[in-house]
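Enquirer: Before we start, here is the structure in question, set down as structure tokens.
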Amino acid sequence: MRVSVLRGVGDVAVEERPVPEPGPGDVLVRIGSVGVCGSDVHYYDHGRIGPYVVEKPLVLGHEAGGEVVALGPGVDSLAVGQRVSLEPGVPCRSCEQCLSGRYNLCPFVEFFATPPYDGAFSEYVVHPAAFTFAVPDTVSDDAAGLLEPLSVGVWACRRAGVAPGSRVLVTGAGPIGLVCAQAARAYGATEVVVTDVNPSRLALAERMGAVAVDVSRTPVGNAGIEPDVLLECSGHPIATRDAIRTVARAGRVVLVGMGSDELPLPLPYVQDHELVLTGAFRYANTWPTAIDLVATGRVDLDLLVTGHYDLDDVEQALTAARRDPSTVKPVVRPVQ
Ligand SMILES: [Zn+2]
Ligand SMILES: [Zn+2]
């Protein structure tokens, strides 16, 4: 099979590898569509993200969908020919966090495209059936892959307690901000405001039913909003601080975006308003919800896709955003 391999900083190449064999409980999936994530770009540019360092060739890509082509021993939950979406993190399923249902916090998780575990820019992948979800035909191949970022949005809404009538501010209209905005609407938020400085991304947020605010023209503090939930997706410390200052009393702030390691926190504001601040790390038990949101038309993931690339053009996919600021979500299609 053909596999796109990151061999070093700024160096990806297609290699031939043997098609893997599904072991007990596994399925073999022919990959149809893989979204490019900011983390893939970061590994390509820097060879590391925090403590995760690319020390040997690594296959990138963790937002994957495809079709089951073989079953390992003991698998009866899926069938050959079934279209599927892959949940990319496989936890140990026996530690304290896993047994508490918080398997996203498992310290032993094996996650696609996070060293040393290979991802899905590959014609075939072996994956546990328990983390492989059948999707109906109303979910496109691209959407099957993009259920992964949508899961981040679903998880953020759960962490924030978004409910009917919620007023939600989403800072940052990148792919994660846009799925958070769509998930918030689907969770019943009656007001969803999205901020950014990128006009094409703001236009997309509007198409998704959000109110777009260009904070290069209207600082968020002058936007006349008082959200009870802030889903912070910019990773920008000043944007985060300014947005926190708009949150209503007893509001909730979920820090989703990654960017800087330190945040100037307006402590008197947080204390006086009894804000609840929390992080969000990936997701747990989100795929069934994410699938239903897309299958019923409440969330449209195909709107995010701004380009398709084959395995030979992974480098183009990884660098698309820096060449064209209207890029949102490049998608790699390993099997043409
Ligand atoms: Zn991602
Ligand atoms: Zn565990």
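Enquirer: Determine the dipole magnitude for the chain: charges of +1 sit on the beta-carbon of Lys and Arg, -1 on that of Asp and Glu, nothing else is charged, the reference point is the Cα centre, and the result goes in debye to the nearest 20.
Expert: With Lys and Arg at +1 and Asp and Glu at -1, about 740 debye.
Enquirer: To the nearest 10 degrees, how steep is helix 314-323 against the longest Cα principal axis of the chain, on a 0 to 90 scale?
Expert: 20 degrees
Enquirer: Between LEU265 and SER326, what's the calculated FRET efficiency when r is the beta-carbon distance and R0 is 35 Å? Round to 0.05.
Expert: With a Förster radius of 35 Å, E is 0.60.
Enquirer: Right, another one. Which is the longest stretch in the chain that no exposed loop site breaks, taking sites as GluC sites (Glu not before Pro) with a DSSP loop state and at most 16 other Cβ atoms within 10 Å?
Expert: Value returned for the longest uninterrupted segment is 56-261.
Enquirer: Can you tell me the convex hull volume per residue for the chain, based on C-alpha atoms, in Å³ to the nearest whole number?
Expert: Details: hull volume 43.9 nm³, N = 336.
In the chain, the Cα convex hull volume per residue is 131 Å³.
Enquirer: A follow-up question, please. What nm value, rounded to one decimal, do you get for the distance between ASP272 and ARG7 when each label is placed 7 Å out toward the C-beta?
Expert: Between ASP272 and ARG7, the simple spin-label model gives 5.9 nm.
Enquirer: Could you calculate the contour length gain from ALA203 to VAL14, that is, 0.36 nm times the residue separation minus the distance between their Cα atoms, to one decimal place in nm?
Expert: Stretched out fully, the ALA203 to VAL14 stretch lengthens by 64.5 nm.
Enquirer: Give me, ordered by chain and number, the residues 5 or more places off THR306 or on other chains with an amide H under 5 Å from its own placed amide H.
Expert: Placed amide hydrogens put VAL328, LYS329, VAL331 under 5 Å from THR306.
Enquirer: Ignoring ligands, DNA and RNA, what percent of the 1.4 Å accessible area of the range 84-234 is carbon and sulfur?
Expert: Numbers: 2770 of 5530 Å².
Solvent-exposed carbon and sulfur of the range 84-234 make up 50 percent of the total.
Enquirer: Starting from the Kirkwood Rh over alpha-carbon pairs, what translational D in µm² s⁻¹ does the range 206-248 have by Stokes-Einstein at 37 °C and 0.692 mPa s?
Expert: After rounding, the answer is 296 µm²/s.
Enquirer: Set the Förster distance to 30 Å, then compute FRET efficiency between CYS95 and ALA295 from the Cβ-Cβ distance, nearest 0.05. Before the final figure, lay out the partial values.
Expert: On the way: r = 32 Å, r/R0 = 1.08.
Efficiency for this residue pair is about 0.40.
Enquirer: Here's something else I'd like to know. Determine the sum of side-chain charges near VAL126: Lys and Arg each +1, Asp and Glu each -1, restricted to other residues whose C-beta is under 9 angstrom from that of VAL126.
Expert: Here the count lands on -2.
Enquirer: For ARG241 and THR218 in one chain, what is 0.36 nm times their gap in residues minus the Cα-Cα distance, to one decimal in nm?
Expert: 6.7 nm
Enquirer: In addition: At 1.4 Å probe radius, can you tell me the per residue accessible area of the chain in Å²?
Expert: Each residue of the chain exposes 43 Å² on average to a 1.4 Å probe.
Enquirer: Can you tell me the length gained on complete extension of the stretch VAL335 to LEU105, counting 0.36 nm per residue apart and subtracting the Cα distance? Write down the numbers at each step before the final one.
Expert: Details: separation 230, 0.36 × 230 = 82.80 nm, distance 3.28 nm.
Result: 79.5 nm gained on full extension.
Enquirer: If you don't mind, another one. For the range 241-286, state the average projected area of the convex hull of the C-alpha atoms over all orientations, rounded to one decimal in nm².
Expert: Computed as one quarter of the Cα hull surface, the answer is 3.9 nm².
Enquirer: Any idea how far the Cα center of the range 291-336 sits from the one of the range 53-78, in Å?
Expert: The distance from the Cα centre of the range 291-336 to that of the range 53-78 comes to 19 Å.
The values are calculated or read from the model by the stated rules, or taken from the named source; none is laboratory data. Source: prediction; values computed, not measured. Positions of Cβ are generated from backbone atoms using ideal geometry, with glycine treated the same way; all protein chains shown enter the neighbour counts. Calculation scope for accessible area: heavy atoms of the full protein, side chains included, ligands and nucleic acids excluded. Shrake-Rupley method; radii C 1.70, N 1.55, O 1.52, S 1.80 Å.
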